[in-house]
Amino acid sequence: SSGINAEWPLRPGKNTNKKKKTIDGSIPNLAPFKEELLLEALNQTEAKNELKKQRKKKPLIVVQKPKAQTTPVAAAKSVSAHVTISQCDIIVWVIDIRSPMECFCDKTFSELSSSDKSVVFVLNKVDLVPKSVAHQWYSVYSKKARTFVLKSTEIMLTECEQIISAYKATLARFGGAKPFLSHLKQIPSTEEKKIGIIGGPQVGKSSVVSTILKQCGRTKAKRSTMTKLSDNLKLVTMPGLIEMEYKGLLNVLHNIHNFMNYPTEVMMALAQCISKQDAMFHFTLPDYSHPEGLTDALAVRFNLYCKKETDHEAVGRLVLKRFRDKKIKFYVVCENGIAGGVIPEEQIQDVHRLMFDGDALRLNSSEVTLVFFNNT
């Protein structure tokens, strides 16, 4: 065509004399049976191309070999407390110190008293109540049996934390286990004895087991349900569950997902069992009419309105979430506590860094029981 130089030089470095791949490859011309070999190579190439076309049309069917059936290892769950009591010689009863009377069962205690068993009470979660309340509840339970205060944790130590200095920081996660474990080891026994952990739901039974193992220097328990602590002591790592029905605020925390559907009723019950002064102090509220005006005062405080009216359900859910996340610390008043009862100094030294001298939301156990029992 005009305007285009037919003799335009090609770009340097670009090879235009590309040779197409031939089927004969490196077969010499004088090779015997060359035609048969070329025909066989041509047939193989056509077969490969046909196979590629079929693979594109139909996806490959991957045949998986059946895996060998292995018996799954069941997670450690609680068994009945009667099984633990019958199998063990020393019974450790875990009590939630926020509401100890809800976690106590007269029938189980009478069963332990009639049998030849050593009973030890553990007031768990001591970091969630004021120090004065812990002293009062200790005086109540120390009359029944030997009692210890404890702050347990589920966090296990790693092998590295037992060697480096981070082990000291890890000890701040729990406290009170040293005097408790030394008491268990000092129990006179000529034969091998078993220690069993019992308690109600959500009181921290598994955490107490983990805390005992950490205090003994164990990173984790074996898969067996028995762990040796000393020459004459073995710990049953599967705790025993006491079947009981909570009737106070522990019932709400244990069944928090169900009570989230009835936040208004929970707030009405909560308003009946706390005083006006405590509500104003812990929720930072102005003066209001107690108890019917608590929900309205909380709506003003947290700006919870729906169509310019108080959103009672939003207020109830907010308070329930704060209880669940332990942002609101509470305790049940101890009516039978001894005024001069104190925790021994050997236990205070191991747990004093976790206790506080402040205040928490004060609840009346009898009023909470009546209200929540009707709701549930």
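Put a plus charge on the Cβ of each Lys and Arg, a minus charge on the Cβ of each Asp and Glu, and nothing anywhere else: the dipole of the range 167-323 about its Cα centre is then about 1280 debye. In plain terms, the chain from F109 to E50 could stretch by 13.0 nm, reckoned as 0.36 nm per residue minus the Cα-Cα distance. Legend: distances between Cα atoms for K194/K228; K144/K234; K107/K228; pairs beyond 19 Å are K144/K234; K107/K228.
Multiplying the residue separation of H352 and S132 by 0.36 nm and subtracting their alpha-carbon distance yields 78.0 nm. Taking θ as phi - 60° and the Karplus parameters 6.51, -1.76 and 1.60, the scalar couplings of the range 137-149 work out to 5, 5, 5, 6, 7, 5, 6, 7, 7, 5, 10, 9, 9 Hz in sequence order, x denoting glycine and proline. A cut-off of 5 Å between modelled amide H atoms, ignoring neighbours fewer than 5 places along the same chain, links K247 with no other residue. Taking 0.36 nm per residue of separation and subtracting the Cα-Cα distance, full extension of the segment from M226 to V333 would add 34.7 nm.
Distances between placed amide hydrogens fall under 5 Å for C105 paired with no residue 5 or more residues away or on another chain. Rounded to the nearest whole Hz, the Karplus-based 3J(HN,Hα) values (6.51 cos²θ - 1.76 cosθ + 1.60, θ = phi - 60°) of the range 314-327 follow the sequence 5, 5, x, 5, 4, 5, 5, 5, 5, 5, 5, 7, 6, 7, with x at glycine and proline.
Bear in mind that the values in this text are calculations on the coordinates, not laboratory data. These figures come from a predicted structure and were not determined experimentally. Every residue, glycine as well, gets a Cβ built from its backbone with ideal geometry; the counts of neighbours run over all protein chains shown.
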